[in-house]
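The next block holds one structure in the form of structure tokens; read it before the comments.
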Amino acid sequence: MPRGDGTGPPWESGPGTGRGAGRMGGTRPGAGPSGNCICPSCGTRAPHQAGAPCYNLSCPKCGTKMVRE
């Protein structure tokens, strides 16, 4: 409180003063809904499906959990 009267700081407050758009305050693009899931063991690729994390998918060839490419 700059003046000690309980009004709070006049800077860095209110709407529009964040560090960017989106969660976590960043402006970097996320992985998004497109892309591929890849098996770290055998290299098999499968198209990523929106709403289904790659780590929940098992590789169709070897059964290892897949990761996002």
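When you go through (1) in a loop (DSSP other than H, G, I, E, B); (2) at pLDDT below 75; (3) of a type outside the set (Phe, Trp, Tyr) one by one for residue 40, which number turns out not to apply?
(2)
With 7, 27 as the choices, which residue is exposed (fewer than 11 other Cβ atoms within 10 Å of the Cβ), modelled with pLDDT of 60 or more and part of a loop (DSSP other than H, G, I, E, B)?
The conditions single out 7.
For the range 59-69, what are the residues that are exposed (fewer than 13 other Cβ atoms within 10 Å of the Cβ) and either modelled with pLDDT under 90 or among the hydroxyl-bearing types (Ser, Thr, Tyr) (or both)?
69
The values are calculated or read from the model by the stated rules, or taken from the named source; none is laboratory data. As the structure is a prediction and not an experimental result, all values here were calculated from the model. Reconstructed Cβ throughout: ideal geometry from the backbone, glycine too, with neighbour counts over all protein chains shown.
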